[in-house]
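Working notes, beginning with the structure itself.
The values are calculated or read from the model by the stated rules, or taken from the named source; none is laboratory data. Everything numeric in this text was worked out from a predicted model, so none of it was measured. Here the Cβ is made from the backbone with ideal geometry for all residues, glycine too, and neighbour counts use every protein chain on show. Ligands, DNA and RNA are excluded from the accessible area calculation, which covers all protein heavy atoms including side chains. Shrake-Rupley method; radii C 1.70, N 1.55, O 1.52, S 1.80 Å.
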Amino acid sequence: MKTALITGSSRGIGKAIALRLAKEGYKIIVHGANESPKLKETADIITNSGGVCETIISDLTDLSKTKELCEKIKDKNIDVLVLNASIQYRTPWQNITPEECMEQINCNFISGMMLIQAASDNMIKNKWGRIITIGSVQEAKPHPDMLVYSATKAAQTNMMTSLSLQLAKNGITVNNVAPGVIYTDRNSEVLSNLDYAKKVTDSIPVGFLGEPEDCAGIVSLLCSGEGRYITGQNIFVDGGKSIQ
């Protein structure tokens with residue numbers, strides 16, 4: 001049984017990916033920044049469905065906590081690493097503080113790099129692995145009030161490109177999945193404004209918002225044997241928004 005660690009998997013896109021991979025026979029490590037009912041709910045769904053699951057806690061905005069997490073996962077024999085956890089602030093660029101900037105950089109980029117370093121040893125040893133970063137349509141269409149978030153997602157994708165070339169010889173594929181506007185609890189509040197929601201929906205060529213499960217399918221493919229020949233790719237799951 002292969003083991004998959006999905007960061008930020010207590011809710012939203014990460015949860016959908018965790019549930020999909022659990023159904024496909026992976027042992028799942030569900031990650032959250034802290035103990036929460038949502039973390040327990042995700043784990044319970046997996047175990048109650050006959051899957052194998054454990055939970056792990058770490059605040060990825062704090063690099064000392066990430067370092068502790070890296071030590072923990074070295075013995076977990078990670079085969080699949082999905083870097084889904086991220087943090088975003090809606091702040092006009094003139095008002096961004098260094099503290100707000102560093103929280104996003106730590107969580108969205110540096111912690112991801114550290115986790116890849118820790119998890120890749122087992123993949124290299126086994127000559128098989130899957131590393132998937134979860135990016136954003138903002139790599140192509142940056143939101144004016146999310147400058148740091150969009151910049152860190154672009155940096156993460158550049159890291160993916162570099163690592164895909166360096167790890168290919170070890171049987172490890174590295175890809176980025178870039179969601180568009182996916183309806184999750186992260187954006188449910190702003191999308192409750194009907195005028196804003198219509199403006200957003202009108203900007204999506206297919207004419208509707210995505211669901212977390214729309215992202216889980218492509219991650220499933222990339223983790224499978226059928227995805228063995230796909231590496232170094234930035235795959236937008238965005239209803240065409242990135243090319244409009």
For this session: Might you check whether a residue that is open to solvent by less than 70 Å² (accessible area, probe 1.4 Å), among the small types (Gly, Ala, Ser), free of Cβ contacts under 8 Å to residues at least 40 places away in the same chain and under 19 Å from Ile105 (Cβ atoms) occurs anywhere in region 174-193?
Result: no
Exercise. Any residue at all in region 121-142 that is open to solvent by less than 10 Å² (accessible area, probe 1.4 Å), assigned to a helix (DSSP H, G or I) and out of contact with any Gly (no Cβ under 7 Å at 6 or more places or on another chain)?
Worked result: no
Exercise. Which condition breaks for Pro205 when tested against (1) touching a residue at least 40 places away in the same chain (Cβ under 8 Å); (2) in a loop (DSSP other than H, G, I, E, B)?
Worked result: (1)
Seminar exercise, completed: So the helices (runs of 4 or more DSSP H) completely within region 1-90 holding 2 or more residues that are in contact with a Lys or Arg (Cβ under 6 Å, 6 or more places away or on another chain) and under 22 Å from Ile110 (Cα atoms) are none
For this session: Determine, yes or no, whether Ala18 is closer than 27 Å to Lys127 by Cα, crowded, with 16+ Cβ neighbours inside 10 Å and touching a Ser or Thr at 6+ places or on another chain (Cβ under 7 Å).
Result: yes
For this session: Could you tell me whether region 82-101 includes any residue that is in contact (Cβ under 8 Å) with a residue 60 or more places away in the chain and at positive phi?
Result: no
Exercise. From the list Thr42, Thr3, Thr47, which residue is at pLDDT 95 or above and either surrounded by fewer than 17 Cβ atoms within 10 Å (Cβ to Cβ) or closer than 18 Å to Ile87 by Cα (or both)?
Worked result: Thr47
Problem set entry | Scan of region 76-95 for residues that are crowded, with 24+ Cβ neighbours inside 10 Å and polar (S, T, N, Q), ordered by number | Asn84, Ser86
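Is it true that Tyr196 is of a type outside the set (D, E, K, R), open to solvent by 50 Å² or more (accessible area, probe 1.4 Å) and either assigned to a helix (DSSP H, G or I) or farther than 23 Å from Ile124 by Cβ (or both)? Outline the logic, then answer.
Details: of a type outside the set (D, E, K, R): yes; open to solvent by 50 Å² or more (accessible area, probe 1.4 Å): yes; either assigned to a helix (DSSP H, G or I) or farther than 23 Å from Ile124 by Cβ (or both): yes.
Criteria met by Tyr196.
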Exercise. Free of Cβ contacts under 8 Å to residues at least 60 places away in the same chain, on the phi < 0 side of the Ramachandran plot and not small (Gly, Ala, Ser) - does that describe any residue in region 14-23?
Worked result: yes
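Could you count how many residues in region 209-234 are out of contact with any strand residue (DSSP E or B) (no Cβ under 8 Å at 6 or more places or on another chain) and among the acidic types (Asp, Glu)?
Taking region 209-234 first, the residues out of contact with any strand residue (DSSP E or B) (no Cβ under 8 Å at 6 or more places or on another chain) are 213, 216-217, 220-221, 224-226, 229.
If we keep only those that are among the acidic types (Asp, Glu) as well, we get 213, 226.
Residues flagged as out of contact with any strand residue (DSSP E or B) (no Cβ under 8 Å at 6 or more places or on another chain) and among the acidic types (Asp, Glu) within region 209-234 amount to 2.
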For this session: Please state which of the following conditions Ala151 fails to meet, knowing it meets all the rest: (1) aliphatic (A, V, I, L, M); (2) open to solvent by 50 Å² or more (accessible area, probe 1.4 Å); (3) in contact (Cβ under 8 Å) with a residue 12 or more places away in the chain.
Result: (3)
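Among the residues that make up region 120-131, is at least one of them among the aromatic types (Phe, Trp, Tyr), in contact with a Phe, Trp or Tyr (Cβ under 9 Å, 6 or more places away or on another chain) and touching a residue at least 12 places away in the same chain (Cβ under 8 Å)? Don't jump to the end; show me each part of the working.
Of region 120-131, the ones among the aromatic types (Phe, Trp, Tyr) are 128.
So of that shortlist, the ones also in contact with a Phe, Trp or Tyr (Cβ under 9 Å, 6 or more places away or on another chain) come out as none.
No, that holds for no residue.
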